[in-house]
Amino acid sequence: MQFELDGVRVDSFSHSPDNNREELLYNQTVFSTTGLAGTVHTLVMAAAPGSNTSLILFDWAEYT
């Protein structure tokens, strides 16, 4: 996955599963940042482009 914050690519996350097991990562932090100004922000999360198949199963976000 690739992450853009306010139009700037800021991070990425990659996980290569074991093809012999059905494996999902639960409670996995894939992006975290600190020090944001107290204004409106836009976070875009997208499957990374390329020849490999990507799957994103998104179920929750935490903002503190």
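The values are calculated or read from the model by the stated rules, or taken from the named source; none is laboratory data. This structure is a prediction, so every number in the text was calculated from the model and none was measured. Backbone-built Cβ (ideal geometry, glycine too); neighbour counts: all protein chains shown. The protein model used for the area step is the full one, side chains on, heavy atoms only, and it has no ligands, DNA or RNA in it. Shrake-Rupley method; radii C 1.70, N 1.55, O 1.52, S 1.80 Å.
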Could you please let me know if THR39 is open to solvent by less than 80 Å² (accessible area, probe 1.4 Å), in a loop (DSSP other than H, G, I, E, B) and of a type in the set (Ser, Thr, Tyr)?
-> no
Has region 2-24 got any residue that is within 10 Å of the chain's Cα centre (by Cα) and charged (D, E, K, R)?
-> yes
Only one of these conditions is not met by VAL30: (1) in a loop (DSSP other than H, G, I, E, B); (2) open to solvent by 70 Å² or more (accessible area, probe 1.4 Å); (3) not basic (Lys, Arg). Which number is it?
-> (2)
Which condition breaks for ASN52 when tested against (1) at pLDDT below 90; (2) surrounded by 10 or more Cβ atoms within 10 Å (Cβ to Cβ)?
-> (2)
So, first residue under 10 Å from VAL44 (Cα atoms) in region 1-17, second residue open to solvent by 80 Å² or more (accessible area, probe 1.4 Å) and in a strand (DSSP E or B), Cβ within less than 6 Å, six or more apart or across chains; the pairs are LEU5/LEU43
What number of residues within region 1-24 satisfy the criterion of being surrounded by fewer than 10 Cβ atoms within 10 Å (Cβ to Cβ) and over 18 Å from ILE56 (Cα atoms)?
-> 3
